[in-house]
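**Q** Here it is, the structure in full.
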Amino acid sequence: MEKVVKKAKKPAKAAKPAKASKAQKYVYFFGGGKADGKAEMKNLLGGKGANLAEMVNLGITVPPGFTITTEVCTLYYKNNKRYPKELNAQVDAAMAKVEKIMGKKFGDPNNPLLVSVRSGARSSMPGMMETVLNIGLTTKTIPALIKKTNNERFVYDAYRRLLMMYSDVVMEKAAGVEPKEGEAIRQKLEHAMDAMKIQKGYKSDTDLTVDDLKILCDEFKAIIKHTLGKEFPDEPQEQLWGGIGAVFQSWMGRRAVSYRRIEKIPDEWGTAVTVQSMVFGNTGENSGTGVAFTRNPATGEDVFYGEWLPNAQGEDVVAGIRTPYPVNRASKTADTQHLPSLEESMPQLYKQLFTIQKRLEKHYRDMQDIEFTIEDGRLWILQTRVGKRNPQAAIRMAVEMVKQKLISKEEAILRIKPDQLDILLHPSVAPVAEEKAILLARGLPAGPGGATGKVVFTADDAEAWAKKGEKVILVRNETSPEDIHGMHAAEAILTAKGGMTSHAALVARGWGKCCIVGCSELVIDVHRKEVHVNGKTLKEGDWITLNGTAGRVYEGQLDLLPADPDKNPWYKELMKWADMVRTLKVRTNADTPGDATVARNFGAEGIGLCRTEHMFFGPDRIKAMREMILSDTVDERKRALAKLLPYQKEDFIGIFRAMAGFPVTIRLLDPPLHEFVPHTDKELEELAQEMGVPFDKLSAKNKSLHEFNPMLGHRGCRLGITYPEIYEMQAQAIMEAACELAKEKIKVMPEIMIPLVGHVNELQKMREIVVSTANKIQQEYKVKVPYTVGTMIELPRACVTADEIAQIADFYSFGTNDLTQTVYGLSRDDAGRFLPVYIENGILEEDPFISIDQNGVGALMQMAVEKGRKVKKDLKMGICGEHGGEPKSVEFCHKIGLNYVSCSPYRVPIARFAAAQAALKKQI
Ligand code: PEP
Ligand code: MG
């Protein structure tokens with residue numbers, strides 16, 4: 001056997017670690033009141049390993065074990081999947097210590113120690129990597145364990161679990177075997193077990209007798225051999241190293257990689273492997289296992305909350321195979337009222353657990369997710385980690401922890417990811433629609449909010465349909481972590497089985513996605529792509545609606561209501577704290593009074609970009625616009641512009657009013673004119689008639705406007721240079737609107753912005769037009785309105801000559817959409833064809849149109865800031881590209897000293913919050 005392990009896992013030519021030294025420590029022991037590690041060593045030991053060590057340091061009883069560091073994972077991949085040569089001896093030494101504490105020996109036919117092998121990255125990736133339990137059970141150790149426990153049934157149950165997990169994790173997944181849907185080894189074995197249960201008329205796994213289990217184990221081994229072409233390993237060392245290897249392999253497994261992409265966890269972090277002695281929750285009615293949270297992870301309420309199962313192993317609770325019981329009265333829901341809680345069944349142990357959880361939360365100063373096992377009346381804590389929570393819960397907990405003096409306001413702010421606020425800004429099912437809707441089923445409310453979509457049954461379908469622009473709801477029997485990509489693509493997730501701590505519930509909660517689990521009335525037929533529920537059949541593509549807050553599933557597509565975060569007192573409080581610490585102002589990009597009002601309600605402090613071209617698309621306006629574009633003479637053009645003027649003025653009045661004295665940056669016409677011209681002959685004919693011009697002439701003019709590369713063509717201030725009357729009309733409309741309101745004593749602060757400036761002379765020329773028009777209008781209205789004239793900085797040349805431009809500009813606004821496009825030489829309209837490949841292959845970490853490319857685009861921005869402020873110390877600067885609402889970009893803008901960011905109305909709270917975090921991070 002030794003030979004097998006050595007040959008397979010520890011080749012004679014062991015890899016040399018990058019910085020190998022004799023004393024390099026790869027294995028950290030914990031147990032018996034002593035630990036090599038501590039909580040701060042998460043990067044090296046993973047969250048699980050570090051916290052186990054910490055618990056031992058705190059005097060909490062955890063089963064002893066050891067952790068192989070994340071460094072080994074990194075070396076393993078760097079060195080062609082070979083371990084550092086010191087690893088073997090260090091594992092043996094640590095195992096010897098565990099054996100000593102437990103008074104058992106790994107692989108000993110007389111008194112065997114069994115271990116679990118678990119993954120643990122530095123940030124938790126629930127269910128994304130592998131775990132193997134009961135390692136060390138072999139035909140040689142089974143009899144001794146039976147003798148020792150006097151419980152043959154328990155031992156064979158443990159063995160069948162090992163067969164299932166090991167064949168799935170080590171022999172199939174880690175070996176790179178890719179079975180067809182429904183033919184994975186795990187499913188085959190489950191099928192065999194279900195078949196036996198049906199044949200015997202059993203309801204639950206616990207009904208299986210020892211003889212049944214013995215037969216089942218033999219059957220499992222035969223299926224494994226037949227399916228995977230290999231015998232199940234019967235040597236403890238081979239099982240151990242197989243398990244360790246499988247955990248490292250699972251770091252690069254499909255679902256772990258997808259999860260990391262979504263969560264932006266770098267591949268280099270690696271996972272640690274924790275080998276821990278087994279304790280058993282399935283030795284009888286005096287045993288059990290569970291998962292509990294120090295606060296309710298769904299609502300954030302400060303109550304101890306969890307699930308447990310008597311006579312069960314951990315996987316039974318989390319995998320959704322049996323519906324778990326509530327841990328205490330506070331965790332009971334309408335559906336679980338009747339189930340026995342741990343508080344009622346084992347009051348003494350519950351009390352112990354309650355005390356430990358309080359202690360752990362206080363120690364870690366955050367909500368903990370705790371796994372525990374009761375073996376024959378003794379409580380063991382298997383792990384504690386910072387618990388996943390949905391965004392609403394995260395906000396409530398953070399605020400309440402400040403009030404309880406557990407954390408500071410600053411910590412509370414830094415604990416929430418700005419994107420988590422998004423869920424509060426998202427819809428819920430309209431109560432009116434819900435009252436009349438047909439209720440299909442009820443389940444557990446795992447992820448709040450409302451969602452509506454078409455039913456799909458596989459993760460791949462969810463992803464493919466979503467790519468086509470369909471809204472889908474992923475409906476699955478069980479909440480398998482393999483579904484991660486589909487879960488992400490779906491609007492919501494619905495499962496027939498599983499509890500509030502099932503993997504999918506955890507993942508959905510982390511994302512703030514609407515999710516209902518344990519909806520036991522669903523009977524899903526994946527092969528026929530149908531779900532039967534209360535006498536109805538839904539097929540793939542049928543619409544359903546979920547109310548994830550209440551756990552209700554409805555037929556059809558119900559109306560959703562926009563979110564109303566102001567009803568949430570914790571959110572309001574948190575945002576108040578955030579606004580107190582941030583220095584960056586937050587504005588919005590809005591072109592209509594309606595959008596401006598939404599943004600104001602979300603806390604926008606002005607408009608950073610009003611794209612005036614959006615005002616020209618209304619049915620009445622577009623005609624005048626086309627007339628203007630296709631005019632031959634200045635006079636004709638002026639006539640058409642005169643038709644547009646009242647519309648523009650009316651829009652500006654609405655926006656100024658909505659912004660109630662906050663600054664409003666209005667950008668003069670920017671896009672290439674061809675975007676407005678008629679696209680069909682019919683439209684062209686109509687226009688020719690209206691203008692009294694022959695069709696052919698108009699058609700020729702239309703064609704002459706064609707550009708090879710319009711994005712770099714006749715647009716931006718180039719329009720104002722060639723057709724000054726356009727900008728004149730716009731300046732007039734802005735100033736007339738402002739003067740009219742000023743006469744009504746309404747405060748207005750127009751900031752007129754010239755787009756796509758590359759040379760200072762362009763701005764100079766445009767400024768002259770604006771200023772002379774503004775003077776004229778103010779004289780006419782006999783009123784003075786404070787206004788400024790500034791420019792977008794969206795071309796590399798503008799950045800490089802920002803000191804020259806600053807002489808003329810009253811403000812700068814970075815147009816990072818165009819700036820990214822021109823710095824990279826990437827067309828933002830065409831990049832979609834190849835950028836995803838760049839991201840997939842790791843050539844670019846992120847899409848530069850989403851998050852500012854700080855080294856390239858960012859460096860130019862910084863240069864522009866410095867050059868601009870050298871000329872005008874207080875030159876006001878902001879950003880209005882799409883990046884203005886993206887947290888990392890907001891932080892960058894804060895760092896380089898911009899005065900404000902501007903983003904779409906629904907991103908405003910996120911930007912406010914990101915700005916607060918940026919200010920705090922800079923202080924740290
Ligand atoms: C920009 O280029 O960043 C910008 C805000 O302008 P637009 O997207 O309208 O070109
Ligand atoms: Mg632009």
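The values are calculated or read from the model by the stated rules, or taken from the named source; none is laboratory data. All figures in this text were calculated on a predicted structure; none of them were measured in a lab. Note that each Cβ is placed from the backbone with ideal geometry, even for glycine, and that neighbours are counted across all protein chains shown. Each accessible area value is taken on the protein alone, full model and side chains, heavy atoms only, with ligands, DNA and RNA left out. Shrake-Rupley method; radii C 1.70, N 1.55, O 1.52, S 1.80 Å.
**Q** When the residues of segment 85-100 are narrowed to those that are of a type in the set (D, E, K, R) and under 19 Å from E235 (Cα atoms), which ends up least open to solvent (accessible area, probe 1.4 Å)?
**A** E99
**Q** Could you tell me whether any residue of segment 701-708 is of a type in the set (K, R), within 18 Å of L609 (Cβ to Cβ) and crowded, with 16+ Cβ neighbours inside 10 Å?
**A** no
**Q** Something else about it: Considering each of K147, K180 in turn, give the residue that is open to solvent by 20 Å² or more (accessible area, probe 1.4 Å), in a helix (DSSP H, G or I) and without any contact (Cβ under 8 Å) to a residue 12 or more places away in the chain.
**A** K147
**Q** Hand me the list of helices (runs of 4 or more DSSP H) wholly inside segment 812-871 holding 2 or more residues that are more than 14 Å from ligand 2 (Cβ to nearest atom).
**A** By residue number, 835-840, 857-871.
**Q** Could you please give the count of residues in segment 207-241 that are open to solvent by less than 10 Å² (accessible area, probe 1.4 Å) and part of a helix (DSSP H, G or I)? Don't jump to the end; show me each part of the working.
**A** Start the filter on segment 207-241 by keeping residues that are open to solvent by less than 10 Å² (accessible area, probe 1.4 Å), which leaves 208, 212-213, 216-217, 220, 224, 239-241.
When the remaining residues are screened for being part of a helix (DSSP H, G or I), the result is 212-213, 216-217, 220, 224, 239-241.
Result for segment 207-241: 9.
**Q** Quick check on segment 876-924: of everything there that is open to solvent by less than 10 Å² (accessible area, probe 1.4 Å) and of a type in the set (S, T, N, Q), which residue is farthest from the chain's Cα centre (by Cα)?
**A** Once the filter is applied, the top-ranked residue is S902.
Residues checked against (1) within 27 Å of P112 (Cα to Cα); (2) touching a residue at least 24 places away in the same chain (Cβ under 8 Å):
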residue: A184; (1), (2): no, no
residue: D194; (1), (2): no, no
residue: K200; (1), (2): no, no
residue: D212; (1), (2): yes, no
residue: E219; (1), (2): yes, yes
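**Q** Just a yes or no: is a residue in segment 270-281 touching a strand residue (DSSP E or B) at 6+ places or on another chain (Cβ under 9 Å), farther than 24 Å from A121 by Cα and either among the aliphatic types (A, V, I, L, M) or assigned to a loop (DSSP other than H, G, I, E, B) (or both)?
**A** So far as segment 270-281 goes, yes, one or more of its residues are touching a strand residue (DSSP E or B) at 6+ places or on another chain (Cβ under 9 Å), farther than 24 Å from A121 by Cα and either among the aliphatic types (A, V, I, L, M) or assigned to a loop (DSSP other than H, G, I, E, B) (or both).
**Q** Right, something else. Tell me, which helices (runs of 4 or more DSSP H) lie completely within segment 658-766 with 2 or more residues that are of a type in the set (A, V, I, L, M), more than 16 Å from ligand 2 (Cβ to nearest atom) and modelled with pLDDT of 95 or more?
**A** 724-743
**Q** Let me ask another. Within segment 652-672, is there a residue that is more than 25 Å from G878 (Cα to Cα) and either out of contact with any Leu (no Cβ under 8 Å at 6 or more places or on another chain) or open to solvent by 10 Å² or more (accessible area, probe 1.4 Å) (or both)?
**A** No - not one qualifying residue is present in segment 652-672.
**Q** Hey, another quick one. Would you call A798 modelled with pLDDT of 95 or more and in a loop (DSSP other than H, G, I, E, B)?
**A** No, not satisfied.
**Q** Report yes if some residue within segment 610-618 is touching a His at 6+ places or on another chain (Cβ under 6 Å) and modelled with pLDDT of 85 or more; otherwise report no.
**A** Taking every residue of segment 610-618 in turn, none turns out to be touching a His at 6+ places or on another chain (Cβ under 6 Å) and modelled with pLDDT of 85 or more.
**Q** Also, quick follow-up: Inspect segment 252-267 for any residue being in contact with a strand residue (DSSP E or B) (Cβ under 9 Å, 6 or more places away or on another chain), open to solvent by less than 10 Å² (accessible area, probe 1.4 Å) and assigned to a loop (DSSP other than H, G, I, E, B) and give the result as yes or no.
**A** No, the conditions are met nowhere in segment 252-267.
**Q** Same structure again: Considering only residues that are surrounded by 20 or more Cβ atoms within 10 Å (Cβ to Cβ) and part of a loop (DSSP other than H, G, I, E, B), look in segment 606-634 and name the one that is nearest to the chain's Cα centre (by Cα).
**A** Among those residues, the one meeting the criterion is G606.
**Q** Assess whether I808 counts as being open to solvent by 20 Å² or more (accessible area, probe 1.4 Å), touching a strand residue (DSSP E or B) at 6+ places or on another chain (Cβ under 9 Å) and outside any strand (DSSP E or B).
**A** Considered against the rule, which asks whether it is open to solvent by 20 Å² or more (accessible area, probe 1.4 Å), touching a strand residue (DSSP E or B) at 6+ places or on another chain (Cβ under 9 Å) and outside any strand (DSSP E or B), I808 comes out as yes.
**Q** Within the group I726, I721, I734, which residue is under 14 Å from L668 (Cα atoms) and surrounded by fewer than 16 Cβ atoms within 10 Å (Cβ to Cβ)? Lay out the reasoning, then the answer.
**A** Values: I726 fails: surrounded by fewer than 16 Cβ atoms within 10 Å (Cβ to Cβ); I734 fails: surrounded by fewer than 16 Cβ atoms within 10 Å (Cβ to Cβ).
Result: I721 is the single residue among I726, I721, I734 that is under 14 Å from L668 (Cα atoms) and surrounded by fewer than 16 Cβ atoms within 10 Å (Cβ to Cβ).
**Q** Let me ask you something else. For segment 673-683, which residues satisfy the criterion of being open to solvent by less than 10 Å² (accessible area, probe 1.4 Å) and in contact (Cβ under 8 Å) with a residue 60 or more places away in the chain?
**A** F676
**Q** Can you name the residue in segment 762-801 that is among the small types (G, A, S) and touching a residue at least 24 places away in the same chain (Cβ under 8 Å) and is also nearest to ligand 1 (Cβ to nearest atom) among such residues? Write out each step before concluding.
**A** If we filter segment 762-801 for residues that are among the small types (G, A, S), which is where we start, we get 772, 774, 790, 798.
Subset that is touching a residue at least 24 places away in the same chain (Cβ under 8 Å): 774, 790, 798.
Numbers: A774: 23, G790: 14, A798: 11 Å.
Within segment 762-801, the match that is nearest to ligand 1 (Cβ to nearest atom) is A798.
**Q** Moving on. Among all residue pairs at least 6 apart or on different chains, which show Cβ distances below 6 Å where the first residue, located in segment 252-269, is more than 14 Å from S119 (Cβ to Cβ) and the second is surrounded by 14 or more Cβ atoms within 10 Å (Cβ to Cβ)?
**A** Listed by first residue and then by second, the contacts come to S258/I484; S258/H485; I262/H488.
**Q** Would you point out the residue of segment 774-804, among those that are away from ligand 2 (no atom under 16 Å from the Cβ) and closer than 21 Å to L609 by Cα, that is most open to solvent (accessible area, probe 1.4 Å)?
**A** From segment 774-804, those away from ligand 2 (no atom under 16 Å from the Cβ) are 774-789, 800-804; that's our starting set.
Narrowing further to those that are closer than 21 Å to L609 by Cα: 774, 785-789, 802.
Numbers: A774: 0, V785: 9, P786: 92, Y787: 51, T788: 44, V789: 1, A802: 0 Å².
Top of the filtered list is P786.
**Q** Here's something else I'd like to know. Determine if segment 564-580 includes at least one residue that is in contact with a strand residue (DSSP E or B) (Cβ under 8 Å, 6 or more places away or on another chain), open to solvent by less than 30 Å² (accessible area, probe 1.4 Å) and closer than 29 Å to Y259 by Cα.
**A** no
**Q** Out of D579, D591, D595, report the one residue that is part of a helix (DSSP H, G or I), under 30 Å from the mean Cα position of the chain (by Cα) and within 16 Å of ligand 1 (Cβ to nearest atom).
**A** Exactly one residue qualifies, and that residue is D595.
**Q** Quick check on segment 101-112. Is at least one of its residues within 24 Å of G37 (Cα to Cα), part of a helix (DSSP H, G or I), open to solvent by 20 Å² or more (accessible area, probe 1.4 Å) and of a type outside the set (S, T, N, Q)?
**A** Yes, some residue in segment 101-112 is within 24 Å of G37 (Cα to Cα), part of a helix (DSSP H, G or I), open to solvent by 20 Å² or more (accessible area, probe 1.4 Å) and of a type outside the set (S, T, N, Q).
So that you can scan it fast, the table gives a plain yes or no per residue for (1) surrounded by 23 or more Cβ atoms within 10 Å (Cβ to Cβ); (2) within 26 Å of A505 (Cα to Cα); (3) more than 25 Å from the chain's Cα centre (by Cα); (4) modelled with pLDDT of 95 or more:
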| site | (1), (2), (3), (4) |
| --- | --- |
| M367 | yes, yes, no, yes |
| E371 | no, yes, no, no |
| Q404 | no, no, yes, yes |
| E410 | no, no, no, yes |
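**Q** Checking the structure you have, find out if any residue of segment 274-289 is crowded, with 22+ Cβ neighbours inside 10 Å, under 25 Å from the mean Cα position of the chain (by Cα) and modelled with pLDDT under 95.
**A** No.
**Q** Would a scan of segment 500-520 turn up a residue that is at pLDDT 90 or above and surrounded by fewer than 24 Cβ atoms within 10 Å (Cβ to Cβ)?
**A** Taking every residue of segment 500-520 in turn, none turns out to be at pLDDT 90 or above and surrounded by fewer than 24 Cβ atoms within 10 Å (Cβ to Cβ).
**Q** Has segment 850-862 got any residue that is in contact with a Phe, Trp or Tyr (Cβ under 8 Å, 6 or more places away or on another chain), touching a residue at least 40 places away in the same chain (Cβ under 8 Å) and away from ligand 1 (no atom under 16 Å from the Cβ)?
**A** Within segment 850-862, none of the residues are in contact with a Phe, Trp or Tyr (Cβ under 8 Å, 6 or more places away or on another chain), touching a residue at least 40 places away in the same chain (Cβ under 8 Å) and away from ligand 1 (no atom under 16 Å from the Cβ).
**Q** Moving on. Would you check which residues across segment 608-627 are under 23 Å from V789 (Cα atoms) and away from ligand 2 (no atom under 16 Å from the Cβ) and list them?
**A** M615, F616
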